[in-house]
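Colleague: Below: one structure in structure tokens.
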Amino acid sequence: MTAGRPRVPDAIKIARGTLRKDRQNKNKPKVQGIPKRPFPARSIEGKKWDEVVDGLQRLGLIDEIDGTNLEGLCICYGLAVNSQKMLDEEGYVTGANLNPWYKINAEAWARIRMYSNDLGLSHLGRQRLEAKNPTMQEEMESKYLG
């Protein structure tokens, strides 16, 4: 393990237009496939899975080994959505105390940010991305930002 910033995947460097052949990882692992969705297609988690996999696949940033992180992201997203529904029904304060669903919701969103950063899904990462193909950039902006 080396100190400093984490390496930026070659696919992102290509999209940004900053890939240098002399700094390209010659021994990088090849993409082996796409992880299988472990959730029902119509569930909150299943819909989020399909959305994220589609976006990562277009950028060439998904591999079968990413399944665990992606599954964690989708589980936390489902928990965040469901805990928000409970907060909307019960309110943020119950009696003199903060509703326990508030803490669950906050923790779920913190974990979503963590998984998103691990998978390269952060808002800042997308802003830095300068896609060579304008239609790909427009698609990504409309899907994630619009």
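The values are calculated or read from the model by the stated rules, or taken from the named source; none is laboratory data. It should be emphasised that the depicted structure is a prediction, and the values quoted were computed from it without experimental measurement. All Cβ positions, glycine included, derive from the backbone under ideal geometry; neighbour counts span all protein chains shown.
Colleague: Quick check on Leu56: is it out of contact with any strand residue (DSSP E or B) (no Cβ under 6 Å at 6 or more places or on another chain), at pLDDT below 95, under 27 Å from Arg7 (Cα atoms) and part of a loop (DSSP other than H, G, I, E, B)?
Modeller: Working: out of contact with any strand residue (DSSP E or B) (no Cβ under 6 Å at 6 or more places or on another chain): yes; at pLDDT below 95: yes; under 27 Å from Arg7 (Cα atoms): yes; part of a loop (DSSP other than H, G, I, E, B): no.
The answer is no for Leu56.
Colleague: As an exercise: evaluate Ser122 against (1) modelled with pLDDT under 75; (2) in contact with a Gly (Cβ under 9 Å, 6 or more places away or on another chain) and give the number of the one condition it does not meet.
Modeller: Just one mismatch for Ser122, condition (2).
Colleague: Now for a separate question. What number goes with the only condition from (1) assigned to a helix (DSSP H, G or I); (2) among the aliphatic types (A, V, I, L, M); (3) surrounded by 14 or more Cβ atoms within 10 Å (Cβ to Cβ); (4) modelled with pLDDT under 95 that Ala108 does not pass?
Modeller: (4)
Colleague: Next question. Looking only at the range 8-39, filter to residues that are within 16 Å of Asp63 (Cβ to Cβ), loosely packed, with under 12 Cβ neighbours inside 10 Å and out of contact with any Asp or Glu (no Cβ under 6 Å at 6 or more places or on another chain); which one of those is modelled with the lowest pLDDT?
Modeller: Pro29
Colleague: From Lys21, Lys48, grab the single residue that is among the basic types (Lys, Arg) and under 19 Å from the mean Cα position of the chain (by Cα). Let's see the steps before the verdict.
Modeller: Values: Lys21 fails: under 19 Å from the mean Cα position of the chain (by Cα).
Every option except Lys48 fails the conditions.
Colleague: Between residues in the range 112-129 that are more than 16 Å from Arg16 (Cβ to Cβ) and surrounded by 15 or more Cβ atoms within 10 Å (Cβ to Cβ) and residues that are modelled with pLDDT of 75 or more and not small (Gly, Ala, Ser), which pairs lie under 6 Å by C-beta distance while being six or more apart or on different chains?
Modeller: The qualifying pairs are Ile112/Cys76; Ile112/Tyr77; Tyr115/Asn69; Tyr115/Leu73; Asp118/Asn69; Leu119/Asn69.
Colleague: Arg42 - would you say it is surrounded by fewer than 12 Cβ atoms within 10 Å (Cβ to Cβ), modelled with pLDDT of 80 or more and in a loop (DSSP other than H, G, I, E, B)?
Modeller: Yes.
Colleague: Moving to a separate point now. For the range 55-74, which positions are within 22 Å of Ile44 (Cα to Cα) and in contact with a helix residue (DSSP H, G or I) (Cβ under 6 Å, 6 or more places away or on another chain)?
Modeller: Ile62, Asn69, Gly72, Leu73, Cys74
Colleague: Next question, about the same structure. Identify, please: which residue in the range 48-57 is surrounded by 16 or more Cβ atoms within 10 Å (Cβ to Cβ) and not aliphatic (A, V, I, L, M) and is, among those, farthest from Cys76 (Cα to Cα)?
Modeller: Among those residues, the one meeting the criterion is Gly55.
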